[in-house]
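Notes follow the structure.
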Amino acid sequence: MKSTKFWTILIGALLLVCVVASAGIYMMRGTGKIANIYQDGELIRSIHLETVTNPFSFSVSAANGGSNLIQVMPGKICIAEADCPDQVCVEMGWIEDGVLPIVCLPHKLVIEISDGGQAIDSAVQ
Amino acid sequence: MSAKQLTRDALLCAIALTIFMIEAQIPALVPIPGVKLGLANIVTVFAIFVYGSKDALAILLVRVVLGSIFSGQITTILYSLAGGLLCFCVVVLIRKILTERQIWVASVVGAIFHNIGQVLVAMLITSTWRLVVYLPILMVSGILAGLFTGLCAQFLYGKLKNLRQF
């Protein structure tokens, strides 16, 4: 049996580490503006968000029959519609920096923003 | 399982399910998936400490399955179960080295492992390791939420102990 003080210090220290790490993640966000869309771990499309002048949207279908409607505006991207019941990806709203990627687990879809220069098809529709 | 035990577990399960469904109606505070209070775990933690792991597991499983069906999220049940079961095993293990005044510690540790399980499953499903950036952020929210539900369970235990009715 450990004392309550031991657990308090341990949990407090862990909380502090996580707060610092979270702050670090927010501070170190890249200045990149390239949205990479991954399906099942594979890059299916890259969009250079800064070169987008007219908003557009397109839909991505998943292997299990579901689909997501992805909306792109100058400098930001979001999932506008998804035909899954949990709607977690839609609720995340617009992302415009590289902090947290949008994830749609039912359709194995991830959208992240980075400064990486993968195969870019900028504003091609 | 005696009729008394069954009735008691069913009652606890109904309480947990009610808390779960009410919490699901509250809009998310921050747009980060996975951030939630998990109030229904007050019942889980309480059951582990008072009735033991078998009863608590039954309550947890029934609550997760029915909760997924009632909230229309049956597709995500596997992800909920993965996180929930990992968390459950860790709490059952750590329970052995905790006193009855440290119930809240089990809740915090459980929350941490729930978040680790969630992120791992999400990384496996999407094959995208980059989702690991969610971990520290989810752990901050998990520790705070686990502390809150753990203290609720701690107070509940303190109050009910005097009733000598469980």
Find how many whole Å separate the alpha carbon centroid of the range B:29-57 from the alpha carbon centroid of the range A:53-99.
31 Å
Using modelled amide H (1.01 Å from N, peptide plane; none on Pro or chain starts), what sits under 5 Å from the amide H of A:R45, excluding residues fewer than 5 places away?
A:I37
Could you size up the charge dipole of the protein assembly as shown around its Cα centre, putting +1 on the beta carbon of Lys and Arg and -1 on that of Asp and Glu, and report it in debye to the nearest 20?
1620 debye
For A:K5, the lysines lying under 28 Å Cα to Cα, once residues fewer than eight places off in the same chain are dropped, come out as B:K36, B:K96, B:K159, B:K161
Note down the magnitude of the dipole of the range B:78-166 about its Cα centre, charges +1 on Lys and Arg C-beta and -1 on Asp and Glu C-beta and zero elsewhere, to the nearest 20 debye.
300 debye
Would you give the gap between the C-alpha center of the range B:3-28 and the C-alpha center of the range B:104-166, rounded to a whole Å?
18 Å
Under 1.5 on a/c is rounded, so check that first for chain A, then, if it is not, pick prolate when a/b is larger than b/c and oblate when it is not; a ≥ b ≥ c are the square roots of the alpha carbon gyration tensor eigenvalues.
prolate
Would you calculate, for the protein assembly as shown, the mean residue ellipticity at 222 nm contributed by helices, counting each DSSP H stretch of 4 or more residues as -39,500 (n - 2.57) and dividing by all residues, to the nearest 500?
-17500 deg cm²/dmol
Contact order normalised by length for chain B, with contacts defined as Cα pairs under 8 Å and 6 or more residues apart; what percent is it?
26 percent
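Given a Förster distance of 41 angstrom, what is the FRET efficiency for B:L163 paired with A:Q71, based on the Cβ-Cβ distance and rounded to 0.05?
0.15
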What does the structure give for B:32-45 when I average, per residue, the other chain Cβ atoms found within 10 Å of the residue Cβ?
1
Can you tell me the dipole magnitude for chain A around its Cα centre, using point charges on the Cβ only (Lys, Arg +1; Asp, Glu -1), in Debye to the nearest 20?
560 debye
Everything considered on the Cα gyration tensor (a ≥ b ≥ c; rounded for a/c under 1.5, else prolate if a/b is larger than b/c, else oblate), the range B:50-91 must be described as oblate
What do you get for the angle between helix A:4-27 and the principal long axis of chain A? Use alpha-carbon atoms, 0 to 90 degrees, nearest ten.
30 degrees
Need one value for A:6-14: mean number of C-beta atoms belonging to other chains within 10 Å of its residues' C-beta atoms.
4
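Mind checking the mean number of beta-carbon atoms from other chains within 10 Å of the Cβ atoms in B:133-142? Could you put the intermediate results ahead of the total?
Details: counts 11, 6, 4, 9, 9, 2, 7, 10, 2, 2.
Partner Cβ neighbours, averaged per residue: 6.
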Under the Karplus curve 6.51 cos²θ - 1.76 cosθ + 1.60, θ = phi - 60°, whole-Hz ³J(HN,Hα) for the range B:28-39, x wherever Gly or Pro sits:
5, 6, 10, x, 10, x, x, 7, 7, 6, x, 4
Compute the Cα gyration tensor for chain B, then decide on rounded, prolate or oblate, letting a ≥ b ≥ c be the square roots of its eigenvalues: rounded whenever a/c is under 1.5, prolate when a/b is larger than b/c in the other cases, and oblate in all that remain.
prolate
Treating the angle as unsigned and between 0 and 90°, give the value, to the nearest 10°, between the Cα long axis of helix B:53-70 and the longest Cα principal axis of chain B.
50 degrees
Remind me, relative contact order of chain A in percent, using alpha carbon pairs under 8 angstrom and six or more residues apart?
28 percent
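What's the buried accessible area, both sides, between B and A using a 1.4 Å probe, rounded to 100 Å²?
Roughly 2900 Å² of accessible surface disappears when B and A pair.
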The answer for A:E81, listing residues at least 5 apart or on another chain whose modeled amide H is closer than 5 Å to its amide H, is A:L69
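The values are calculated or read from the model by the stated rules, or taken from the named source; none is laboratory data. Owing to the predicted nature of the structure, the values given are computational and were not obtained by experimental measurement. As a convention, Cβ positions derive from the backbone with ideal geometry for all residues, glycine included, and neighbour counts pool all protein chains shown. For accessibility, only protein heavy atoms count, side chains too; no ligands or nucleic acids. Shrake-Rupley method; radii C 1.70, N 1.55, O 1.52, S 1.80 Å.
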